[in-house]
Amino acid sequence: RPLAVLLGGAALLGVVALPAASLETGLPGDDSKPVSTTQRRAYDLIADGFGPGYNGPLTVVVQAGDSGDS
């Protein structure tokens, strides 16, 4: 009965993996907090004062080439 075991195992694996479909990665920022909190009000004030993108994440890309060290 290898086919039955294979299909049963695949179905069980699919059921176990269902929660991963709604997985949210990353850390929530102050923009996801309710408007009534002081953190959200500060976030909105900074965004209004400095413009869009100021509260955004900082992405740094480094191209590590051959440094010649061996």
With Cα atoms, 0 to 90° folded angle of helix 2-17 axis to the chain main axis = 20
With no solvent and one equal point scatterer per Cα, compute the Debye intensity ratio I(q)/I(0) for the chain at 0.21 Å⁻¹ and report its log10, rounded to two decimals.
-> -0.97
Averaged per residue, what accessible surface does the range 2-50 expose to a 1.4 Å probe, in Å²?
-> 86
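The values are calculated or read from the model by the stated rules, or taken from the named source; none is laboratory data. Small disclaimer: the values here were computed from a predicted structure and weren't measured. All accessible areas refer to the heavy atoms of the entire protein, side chains included, with ligands and DNA or RNA removed. Shrake-Rupley method; radii C 1.70, N 1.55, O 1.52, S 1.80 Å.
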